[in-house]
1. Would you point out the residue of segment 17-31, among those that are in a helix (DSSP H, G or I) and touching a helix residue (DSSP H, G or I) at 6+ places or on another chain (Cβ under 7 Å), that is farthest from residue 79 (Cα to Cα)?
2. Can you name the residue in segment 12-42 that is at pLDDT below 90 and surrounded by 11 or more Cβ atoms within 10 Å (Cβ to Cβ) and, of all such residues, is nearest to residue 55 (Cα to Cα)?
3. Which of (1) modelled with pLDDT of 95 or more; (2) closer than 13 Å to residue 24 by Cα does residue 77 not meet, given it meets every other one?
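The values are calculated or read from the model by the stated rules, or taken from the named source; none is laboratory data. Since this is a predicted model, take the numbers as computed values, not measurements. Here Cβ is always computed from backbone atoms with ideal geometry, including for glycine, and neighbour counts include all displayed protein chains.
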């Protein structure tokens, strides 16, 4: 993620960097709209599934998500 909005913590000082779930969802929406696509959100029990065009991924239902997972979710959605 190029944008550090919503990141908390500092891995250099021994604690994990997290991304706020709502900020990650806003970022996914922005990526989809930049591609001219409206994201489709499906709420499940423990995860939210998002579909952007032909790509899909799931977002865990936690207030904060660890940075490596957030980066992978963004990669899953972005076009090559």
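1. Here the answer is 24.
2. Ranking the candidates gives 17 first.
3. (1)
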